[in-house]
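All of the numbers you see were taken from the coordinates with simple rules; none came from a lab. Given the structure is predicted, the values throughout are model-derived calculations rather than measurements. Neighbour counts are summed over all protein chains in view; Cβ atoms, including those assigned to glycine, are modelled from backbone coordinates with ideal geometry.
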Amino acid sequence: MKNDKAIVVFSGGQDSTTCLFWALKNFKEVEAVTFDYNQRHSLEIQCAKNIADELGVRHHILDMSLLNQLAPNALTRSDIEVKEGEEGELPSTFVPGRNLLFLTFAGVLARQVGAKHLVTGVCETDFSGYPDCRDIFIKSLNVTLNLSMDDQFVIHTPLMWLNKAETWALADELGKLDYVRENTLTCYNGVISDGCGECPACVLRKRGLDDFYNGRF
Ligand code: ZN
């Protein structure tokens with residue numbers, strides 16, 4: 001992999017920033033792609049841009065406003081409340097088709113820039129009920145991408161089997177824990193770094209960090 005080029009699907013959050021550092025360690029050349037789908041906080045895109053600039057990574061921002069038009073949800077509409085799914089229901093933050101579209105467009109971009117590797121921070125362990133974060137979906141899409149373009153892409157998911165504490169441990173192993181903690185945006189209320197402390201994303205992030213520091217993982 002060392003001599004190859006990779007595209008990282010990059011949102012500026014904890015997970016994808018950790019993946020970006022993972023890719024920088026494992027590939028010769030790395031580019032990042034961020035999708036603009038009118039996220040609740042345009043700060044998210046700014047945050048991704050700042051990190052890519054700082055790391056000297058070529059950054060593509062692709063317009064995906066179509067997704068908002070088709071699938072309004074709590075991440076794109078301020079009038080939809082962020083809430084966990086009731087039993088057997090998906091959370092209100094689920095964006096139908098998001099990873100399918102993102103990875104497909106990342107694949108088209110990869111072909112354009114001559115990259116064979118795609119890296120995404122999806123994770124099945126802290127499974128919040130998103131079907132398109134499952135390993136089986138990623139493997140299926142990998143086959144589909146290769147068939148659709150008669151190509152040999154490899155989709156990498158370094159976080160697939162990690163819990164939040166283990167994701168912090170990976171950032172630490174890469175020597176980037178503090179950087180990830182200070183520069184990324186995960187909070188649904190748009191507060192960078194440790195966030196608002198109250199939304200589901202902040203609670204999850206903090207619990208993982210506490211577990212990491214206490215060696216509970
Ligand atoms: Zn928050």
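Of L100, Q152, F137, whose Cα points farthest to the positive end of the dipole of the chain (charges on the beta-carbon: +1 Lys, Arg; -1 Asp, Glu; origin at the Cα centre)? Comparing the listed Cα positions along the dipole, Q152 ranks first. Under 5 Å from the amide H of V191 lie the amide H atoms of C196, each residue being 5 or more positions distant or on a separate chain, with H modelled from the backbone and absent for Pro and chain starts. About its Cα centre, the dipole of segment 110-172 is roughly 160 debye, where the only charges are +1 on Lys and Arg Cβ and -1 on Asp and Glu Cβ. Using the Cβ-Cβ distance between I136 and E182 with R0 set to 25 Å, the FRET efficiency from 1/(1 + (r/R0)^6) comes to roughly 0.10.
Among Y213, Y130, Y179, which comes first, second and so on when ranked by fewest other beta-carbon atoms within 10 Å? Listing Y213, Y130, Y179 from fewest to most nearby Cβ atoms yields Y213, Y179, Y130.
Among M160, M1, the ranking by other beta carbons within 10 Å of each residue's beta carbon, starting with the fewest, stands as M1, M160. The charge dipole of the chain, taken about its Cα centre with unit charges on the Cβ of Lys, Arg, Asp and Glu (plus for the first two, minus for the last two), comes to roughly 540 debye. From most to least packed by mean Cβ count within 10 Å, the peptides 114-122, 10-18 give 10-18, 114-122.
Ordering I51, I192, I61 from the fewest to the most neighbouring beta carbons within 10 Å gives I61, I192, I51. With Rh defined as the Kirkwood radius, the inverse of the mean 1/r over Cα pairs, the Rg/Rh of the chain is 0.94. Ordering N214, L118, P200 by the projection of their Cα atoms onto the charge dipole of the chain, which places +1 on the Cβ of Lys and Arg and -1 on the Cβ of Asp and Glu, puts L118 at the extreme positive end.
For segment 110-125, backbone nitrogen atoms closer than 14 Å to the point 7 Å from N146 Cα along Cα-to-C-beta are found at 116-118. Counting every Cα pair in segment 5-52, what percent are over 15 Å apart? The share of Cα pairs beyond 15 Å in segment 5-52 comes to 39 percent.
Converting phi to 3J(HN,Hα) with the Karplus coefficients 6.51, -1.76 and 1.60 and the offset θ = phi - 60°, segment 168-175 yields 4, 5, 5, 4, 5, 4, 7, x Hz in sequence order, with x at every glycine or proline.
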